[in-house]
Every structure is written in C-alpha cells, then in structure tokens.
Amino acid sequence: MNSEELLHSISDVTDDTEFYTPMPPGYIRGQCRYVVITGTVISGLGKGIFSSSLAKLLQDKGLRVAPIKLEGYLNIDSGTLNPFRHGEVFVLDDGMECDMDLGTYERLLDLNLSRANFTTSGQIYTRVLEKERHGDYLGRDVQMIPHVTGEVKLRLRELAVASQADVVFVEIGGTVGDVENTYYIEAMRELAYEEGPHAVCFVALTYVLEPRALGEQKSKAAQLGIKRLMELGVQPHIVACRASNPVSTKVRQKIAQYTNVPIERVFSMHDCESIYVVPSMLREAGYDFEVIKLLDLGERINLLKERTCWLEWCDFVDRLDALEHDVTIGITGKYTSVRDSYASIIHALEHSGAHLAANVSIRWIDTTDLTDKTVADALAGVHGMIVPGGFGVRGSEGKIACIRHARENRLPFLGICFGFQMAVIEFARHVCGLQGANSSEIAPDCPHRVIDILPEQKKIEGLGGNMRLGGKQVELTPQTMAWRLFGGRSDVHMRFRHRYEVDPKYIDTFTEHGLVFSGKAPGQPIMQILELPDHPCFIATQAHPCMTSRPLRPQPMFLALVAAARQRACPDKDLGDCVSATEQVLKQTRPVDMPREKRNAKRRREKAPNHF
Ligand code: GLN
C-alpha cells in the first residue's frame, strides 16, 4: 500500500484499521491550507492579534481565510467564565459565547464568525462521548489518539468545507507545556502528515526575555519552548519572537540555529503602540510572503486587490496618528481593574476616535460607593460616559446616579445592555415618579420591576443557557436619533446577551414622560434602543453595539457619543451636533450592524462596488 492509499483508507471508519480520520463530505485533501499558531514560554503574548494580523495580510491578497480558536478548557463555551479572569465574553452572531480573541479576528478581518470558528475541549469530548454512546466507534476502545485527535481534525476540515477557505488559521490556546493542549498539538502533527507537503505551516510564537539586571536579550527560554514543541513531533516553519524591544540578529541567529528554522523566518515581533500597527509590522518583515511560499499559494493571490485594501488600511492607521481633539470618556464598571473585560468597548472607542480625529482617553469609574452627592466630583472633567454591560447588584445604584447626572447635566451618555436597563430605572424613578423602581435581577421584591425577566426566558431554568443571545433584528422608528444614526435604515442587526428586559406594561408611562423607544424587536414588545430628545446625546441599547464596531466601519452609536463628547471638550469650536458628525463619517465608511450576506446583496443591488 503506498502512502496515498494508506491515507485514503484511514478516512473510513472501519474495524480493520488502527486509524480514525473521518473526513466531512466534499473535503478535498490538500486544497485548503492551514497555518497553525502555538504559544511557547508564556501565554498572553497576543497570539490572537498575531494570527488575525497575518490572516488579514493574506485576506487582503484575495485569499479566503477562516480562523478557529482551539481552547483547552472543558467548558462548552465561555458564557460562564468570569470576565475578571478571562477577559470579556464575546458573543458571535449565531449566539455562541466565546473567547475575546474571536473579537480580534472579527475586527481585523471584518468577518462575522460563528460557532464553527471556536471550539473547546469540552465541545470536542462531548462529540466523542456522544459518538461513543451512539455506537459510532464500532466496538473499539475510545482513545485520545486516534479518536479525540480525529475529532479535532474533523472540526478543522468541516470549517474548511463550510467556509471554502484557502487558508484556515488555527490558534491553539495556552502554551505547548499545557497538559490540556497537548492533544491539539498531536492532532496538528497528524493533520500535517495527512494533508501532505505545503499544506500546513507551523508558527511558534515565543518570548525573548530581557532581564533588567542583565540589560541584554536572552534566547534560552525561547529555545527551550520551541524544543518542547519539537519533542511533540512538530518542526516549526516560522518563529515569531515577542519581546519588549526589537530582537537582535544575534538572538535570532541563536534561535534559528537551535530550532532548525532559517534565520529569514525567525522574526522579531516587539511591542508596539497599537494592535492596528501589527499588520504593517508583519508585512514589512515579510511574514505574508514566507507563508505564501511555504503553502505554495502564489497562484491564488491577487496583488491588485491587495493594493486597494492596503491603502484603505493604512489610511485608518494614519488616522490614529492624527488625533487633534483630546476627549475623556468615563466608563463605569465593576471590573475596572481588568481592561480586558471591556475590550470591545475600548476598541469601538478607538475606531470612532480615529474617524473623528478624537484622542479618546478612558477614565474608569468605580461606582460601588458613588451616590447622588459624590457623582459630580467623580464625573468632573469627563466629556462623555458609558455605562456598559454588567450583572448583579454591586455598583448599580452608583450607575443610576451617574446616568441621572448625565441626563440632568447634558453629559453625553451611551448605555449598553445593563446600562440601558439602568437608564430605564433612573427615568422611572426620577422622571415618572415610580419610587423604588428597579430590576428583578437586583431587587426582586421592589414595588416596580420595570426591568424583568424575559417572558420567553421564564420557562428555562438554571443559569447556563437561558440568555437571549446573538444577532437579532432591531426595527428603528423613522425620524428618531437612532434611525438617523443608522443612515435612515429601518432595520439593523445587533448583538445581544441579556436575560432581562423592559416590562412592556410600563412602556406607555415612559413614553408619556418623554422617553423615546427608537428601536424594538420586530413584532414583539421588546425595547432595544432608547433615547432622549433635547439632550446632546442620550442613547442606550439593550444590545452590545461595541461587538460590531470595526476599524473601517465604526459603530454609529459610538460615533455619536464620541462626536458629542468632542463637542463638549471643545466648546469654542463648532464641530456639529453628534448626528450630523456621525452622518459625515458614515458617508466615507461602510454600513455596520448589517450581516455580510445582506451587505453583499445590497452591494449587488446598488451596483456600487467601490462604495462598500
Ligand atoms: N444583567 C443584565 C441581563 O441579564 C444585563 C446583561 C448584560 O449587560 N450583558 O439582562
């Protein structure tokens, strides 16, 4: 039997082979290429940023890319993870709750990802155990190799078929030393063997230490980390050296020598001021063409397309260096010590800042002990305020005090999810006179539960899996601020992650007192956007608009907040009201909050390819 026949035979599940390599229907071996990124030495080096920047460079060249993150933990998704320890829970359009790295991929690749782009050991083992119960393994003892590794390869190949990708980017969580990730690396080793030459490119992301006491860079830890990968049977093709400063040729030479990687493929990837500079850094170093050579993709690339995409990208990056107006945005929150908990909000502010020439600084406001008396001091010098998503009672009264201050003092305000709910409670108490109004999440026995559990969720018991999750349509009321911000479109698509909502029986009271619900779920009494007329910018949404903001397509509600804050920061200048400033930016960018499929349809309809 030659190797071709051998590989063909292992894709069948039979009882006369030791292998288990199921292939999804329609899969053509060798057609899709894979870039596998592993971490060595330490985690938290920005593997996701590296991987998405590299993927972007290939995407710009006309290649279809699909990322996937393989997490070692046993949780099925990230929904129950504490953002304090793991960073924000990012929600995909199909409702998958996942790692914040998926947000990085969506932002850099401007793609809407799905559950096919994220897996955990919990998901892999569940599938294996379900198959075992179903008798799919034909009486075999079920083992880590080949069954669990076979399942991992199946996930990747399924993604390749579903996405029709030229290149699948596989990011393995953690570092090579982790017990829970070892089987992923074994699966990648098997994949490389099975797919044949030029099909899989391994990138080892490592760390070059520079102890202050020595004052020079040391390569040993990096060498040992990569050796660990090689012990698992994987020879990297590319080594990316993370470091504080540019990695010296001497250190690169040493790493090259001890890891069998040519020095041209041992790159420095030192710290830089913004993640949006990473693609240029990789491009200048030549990573993209090394990958294209290694994967033999030269014939599939389109350099003309790259020129347009690259100019557009450089235009955005240049804007980050030309920020004229200093603006301070206050963000209230419980997890104020961990910036990762609010990663999407920070990025959304950066995107809007770039397009409005605003240099946005963030002031974190701990609301735990804030009251109506202390709030003015806490918000002094802040030009705009965000009350972001959150859970539970701690700090909620302080958030309500902040919103009251913003409403009464014309301070630009954007409320996100929990922030929307707090705005409703504030309005109920102080404008409608509904004393003691609250949310049943915070005070189940309060006299007016203006925010209550969703009727559709009431039926589902337990904490896991009973949220309203993912992308949903929002119907906008014509002529409202929200409607104008979204370019006069009557329906937009936004991402949700909540359990509570406005109790419909109070809607009339709120509206009579001047609150405008400008966005609703089509055909249901679910309030999704609120705004206050006669205020420079007072808008809140039950959705998470930060999750759909992209560098080249800033999210309109964030644009409005930053524009209003910019005007407040520069009272001597006439920079326009927040809606016109937003409209101005949107004329030059592309619509957000519209899934890619719809955008494509719109593009075909309008026959204006250059505009989108
Ligand atoms: N705790 C609120 C709810 O469950 C808000 C959730 C959030 O902000 N993501 O509805």
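The values are calculated or read from the model by the stated rules, or taken from the named source; none is laboratory data. Predicted, not measured: the structure shown is a model, and the values here were computed from it. Note that we place each Cβ from the backbone using ideal geometry, even for glycine, and neighbour counts take in every protein chain shown. Note: areas computed on protein heavy atoms with side chains; ligands, DNA, RNA excluded. Shrake-Rupley method; radii C 1.70, N 1.55, O 1.52, S 1.80 Å.
In region 509-516 there is no residue that is surrounded by 18 or more Cβ atoms within 10 Å (Cβ to Cβ), within 13 Å of the ligand (Cβ to nearest atom) and modelled with pLDDT of 95 or more.
If you go through region 115-130 and pick out every residue that is open to solvent by 40 Å² or more (accessible area, probe 1.4 Å) and either free of Cβ contacts under 8 Å to residues at least 40 places away in the same chain or touching a Gly at 6+ places or on another chain (Cβ under 9 Å) (or both), you end up with 4.
In region 299-324, the residues that are within 15 Å of Arg550 (Cβ to Cβ) reach residues that are aromatic (Phe, Trp, Tyr) with C-beta atoms within less than 6 angstrom, at least six apart or across chains, in these pairs: Val317/Tyr276. The set of residues in region 382-391 that are within 16 Å of the ligand (Cβ to nearest atom) and in a loop (DSSP other than H, G, I, E, B) comprises Pro388, Gly389, Gly390, Phe391.
Is it the case that some residue within region 321-335 is closer than 30 Å to Arg64 by Cα and either touching a Cys at 6+ places or on another chain (Cβ under 7 Å) or within 16 Å of the ligand (Cβ to nearest atom) (or both)? Looking for residues that are closer than 30 Å to Arg64 by Cα and either touching a Cys at 6+ places or on another chain (Cβ under 7 Å) or within 16 Å of the ligand (Cβ to nearest atom) (or both), one finds none in region 321-335, hence no.
Within 14 Å of the ligand (Cβ to nearest atom), free of Cβ contacts under 8 Å to residues at least 60 places away in the same chain and of a type in the set (D, E, K, R) - does that describe any residue in region 477-499? Yes, that holds for at least one residue. Scan region 67-84 and give yes if some residue there is in a helix (DSSP H, G or I), surrounded by fewer than 24 Cβ atoms within 10 Å (Cβ to Cβ) and in contact (Cβ under 8 Å) with a residue 24 or more places away in the chain, otherwise no. Looking through region 67-84, at least one residue is in a helix (DSSP H, G or I), surrounded by fewer than 24 Cβ atoms within 10 Å (Cβ to Cβ) and in contact (Cβ under 8 Å) with a residue 24 or more places away in the chain. Only residues that are in a helix (DSSP H, G or I) and open to solvent by 50 Å² or more (accessible area, probe 1.4 Å) were counted across region 347-375, and they come to 1.
Selection of region 477-500 for residues being under 22 Å from Asp93 (Cα atoms) and open to solvent by 10 Å² or more (accessible area, probe 1.4 Å) yields Trp483, Gly487, Arg489, Ser490, Asp491, His493, Arg497, Arg499, Tyr500. Among the residues making up region 169-187, those that are open to solvent by less than 30 Å² (accessible area, probe 1.4 Å) and either over 15 Å from Arg228 (Cα atoms) or not in a loop (DSSP other than H, G, I, E, B) (or both) are Phe169, Val170, Glu171, Ile172, Gly173, Asn181, Tyr183, Tyr184, Ile185, Ala187. Selection over region 55-66 of residues that are touching a strand residue (DSSP E or B) at 6+ places or on another chain (Cβ under 6 Å) and either part of a strand (DSSP E or B) or among the basic types (Lys, Arg) (or both) gives a count of 2.
Screening Gly44, Gly39, Gly87 for residues that are within 16 Å of the chain's Cα centre (by Cα) and buried (at least 18 other Cβ atoms within 10 Å of the Cβ) leaves exactly one candidate, Gly87. The single residue among Asp288, Asp326 that is within 20 Å of Cys241 (Cβ to Cβ), among the charged types (D, E, K, R) and surrounded by 13 or more Cβ atoms within 10 Å (Cβ to Cβ) turns out to be Asp288. Among the residues making up region 481-496, those that are under 17 Å from Thr589 (Cα atoms) and more than 26 Å from the chain's Cα centre (by Cα) are Arg484, Gly488. Listed conditions (1) within 12 Å of the ligand (Cβ to nearest atom); (2) closer than 30 Å to Arg115 by Cβ; (3) out of contact with any Gly (no Cβ under 6 Å at 6 or more places or on another chain); (4) modelled with pLDDT of 95 or more are all met by Asn466, apart from (4). Under the condition of being more than 15 Å from the ligand (Cβ to nearest atom) and touching a residue at least 24 places away in the same chain (Cβ under 8 Å), the residues counted in region 517-528 number 5.
Away from the ligand (no atom under 16 Å from the Cβ) and aromatic (Phe, Trp, Tyr) - does that describe any residue in region 536-547? Scanning region 536-547 turns up at least one residue that is away from the ligand (no atom under 16 Å from the Cβ) and aromatic (Phe, Trp, Tyr). Do the conditions hold for Ser518, that is, is it farther than 17 Å from Val424 by Cβ and hydroxyl-bearing (Ser, Thr, Tyr)? For Ser518, the condition - farther than 17 Å from Val424 by Cβ and hydroxyl-bearing (Ser, Thr, Tyr) - is not met.
Here Arg568 meets the list (1) modelled with pLDDT of 95 or more; (2) open to solvent by less than 40 Å² (accessible area, probe 1.4 Å); (3) of a type in the set (D, E, K, R) almost entirely, failing just condition (2). Within region 392-423, the only residue that satisfies the criterion of being within 14 Å of the ligand (Cβ to nearest atom), closer than 19 Å to Ile346 by Cα and in a loop (DSSP other than H, G, I, E, B) is Cys417.
The C-beta contact set for region 542-564 (first residue assigned to a loop (DSSP other than H, G, I, E, B), second residue within 16 Å of the ligand (Cβ to nearest atom) and aromatic (Phe, Trp, Tyr), distance under 8 angstrom, 6+ apart or interchain) comprises Gln542/Phe420; Gln542/Phe496; Ala543/Phe496; His544/Phe496. Within region 417-429, residues that are more than 15 Å from Ile386 (Cβ to Cβ) reach partners that are surrounded by fewer than 24 Cβ atoms within 10 Å (Cβ to Cβ) and polar (S, T, N, Q) with beta carbons closer than 8 Å, at six or more positions or on different chains, in the pairs Ala428/Thr509; Arg429/Gln435. Of the residues making up region 389-445, those that are open to solvent by 10 Å² or more (accessible area, probe 1.4 Å) and acidic (Asp, Glu) are Glu397, Glu408, Glu441, Asp445. Selection of region 517-536 for residues being within 22 Å of Cys432 (Cβ to Cβ), open to solvent by less than 50 Å² (accessible area, probe 1.4 Å) and touching a strand residue (DSSP E or B) at 6+ places or on another chain (Cβ under 7 Å) yields Phe517, Ser518, Gly519, Ile526, Met527, Gln528, Ile529, Leu530, Glu531, Leu532. Listed by position, the strands (runs of 3 or more DSSP E) enclosed by region 233-335 include none that has at least 3 residues that are at pLDDT 95 or above and basic (Lys, Arg).
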